[in-house]
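Beneath this line is the structure, given in structure tokens, with notes to follow.
The values are calculated or read from the model by the stated rules, or taken from the named source; none is laboratory data. For clarity, every value in this text was computed on a predicted model and none was experimentally measured. Don't worry about glycine lacking a Cβ; one is built from the backbone with ideal geometry, like all the others, and counts go over all protein chains shown. Ligands, DNA and RNA are excluded from the accessible area calculation, which covers all protein heavy atoms including side chains. Shrake-Rupley method; radii C 1.70, N 1.55, O 1.52, S 1.80 Å.
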Amino acid sequence: MISKITGCILGAAAGDAMGAATEGKSTQQIISMFGGPVDDFRDPPRDVPARGRKAGQVTDAFSIPYMLTEEIIQNGGRITTEIAAKALLKWGDSEYFEPFAGMTTRKAVIRMNENKHLNTWDQIGHLGNKLFKGHYYALSSNGAAVKAYPAALFSSGDIDTAIDNAVRITLSSHDDPYSVSGACAVAAAVAAAMKTSSVYEIVSAAMYGAEKGEETARATEGICVYPGPSVVKGWIWR
């Protein structure tokens, strides 16, 4: 399991660093710029968020969950929404915030810094109601799913524990059922991979996580429903 945890962290870092050079580009643009698929570390070009950084350097997609993992360890392995929020605030003070913070994360960090006297749910549990209501960019995002693997690393391979962890982590920055569903799908898949190498079992766990995550989110008081694709319906369609 230690080997798998190490592999998960290294894989996330390497994938993020490779993707930093191609973020936002179409397949044809990638082929035109790099001469084919990118399967190693490249210097990011000037028209991507990672511009100015070197080949092999990570972005928010890895740095946020890595700092979250460190915060969880410092708290004895406990995972709560408050601990996730604390890690996000620390990330907001790092070199990664300004160039890489997405719309949802940026607004969450700014609001938390402005309202440190409020409790966690007042600050971030109603993100949609307080920040985005009435705006087109009040959409579900994959930001929570990208950062969900720590929820599984502390689950000892138990899928339901990973899903519960993912819900608590996600509510620190996203408050809609689709974002929670995507995060739980990833967390469940990683938890399954801690104990099996069966692709079928891992994908089945992801489907289960997506369904349970959305169900749990919709039953959470104050959850917001934004326009967005349903992860669960996507599985059914396939």
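Note on the chain: with charges restricted to the Cβ of Lys and Arg (+1) and Asp and Glu (-1), its dipole about the Cα centre is near 320 debye.
What length, rounded to one decimal in nm, is gained on full extension from T27 through to R106, with 0.36 nm per residue of separation minus their alpha-carbon distance?
25.7 nm
Projecting the Cα atoms of Y200, A210, V231 onto the charge dipole of the chain (Cβ charges, centred on the Cα centre) puts V231 farthest toward the positive pole.
Specify the inter-centroid distance of segment 16-92 and segment 192-211, based on alpha-carbon positions, in whole Å. Each part's Cα centre sits 24 Å from the other's.
Take the Cβ atoms of E201 and D93, set R0 to 41 Å, and the FRET efficiency comes out at 0.55.
Here r is the Cβ-Cβ distance between Q74 and K54 and R0 is 30 Å; the resulting FRET efficiency, rounded to 0.05, is 0.55.
What you get for segment 168-233, charging only the Cβ of Lys and Arg (+1) and of Asp and Glu (-1), is a dipole of about 160 debye around the Cα centre. Please state the shape class of segment 165-214: rounded when a/c is under 1.5, otherwise prolate if a/b exceeds b/c and oblate if not, all from the C-alpha gyration tensor. Here segment 165-214 falls in the prolate category. Loop-resident chymotrypsin sites (Phe, Trp or Tyr not before Pro) (DSSP state other than H, G, I, E or B) in segment 1-87 with no more than 15 further Cβ atoms inside 10 Å of their Cβ: F41. The count of lysine pairs in the chain that are at least 8 places apart or cross chains, and whose C-alpha atoms lie under 21 Å apart, stands at 19. Each peptide in 176-183, 42-49 gets a packing score, the mean of other Cβ atoms within 10 Å over its residues, and the list from highest to lowest is 176-183, 42-49. Shape class of segment 20-108 from the Cα gyration tensor (axes a ≥ b ≥ c, square roots of the eigenvalues): prolate, since a/c reaches 1.5 or more and a/b is larger than b/c.
Can you give the net charge of the other residues whose Cβ lies under 13 Å from the Cβ of L10, counting K and R as +1 and D and E as -1? Can you show the working numbers first?
On the way: positive: K4; negative: D16.
Taking every other residue near L10 into account, the sum is 0.
Normalised by the number of residues in the chain, the average gap of Cα pairs under 8 Å and 6 or more apart makes the relative contact order 16 percent.
Considering only protein heavy atoms and a 1.4 Å probe, what is the carbon-and-sulfur percentage of the accessible area of the chain? Carbon-and-sulfur percentage of accessible area, whole number: 55.
In the chain, excluding the sites themselves, the longest stretch lacking any of the GluC sites (Glu not before Pro) that are in a DSSP loop with at most 11 other Cβ atoms within 10 Å is 96-220. Each label point was placed 7 Å from the Cα along the Cα-to-Cβ direction; for D40 and K233 their separation is 4.3 nm.
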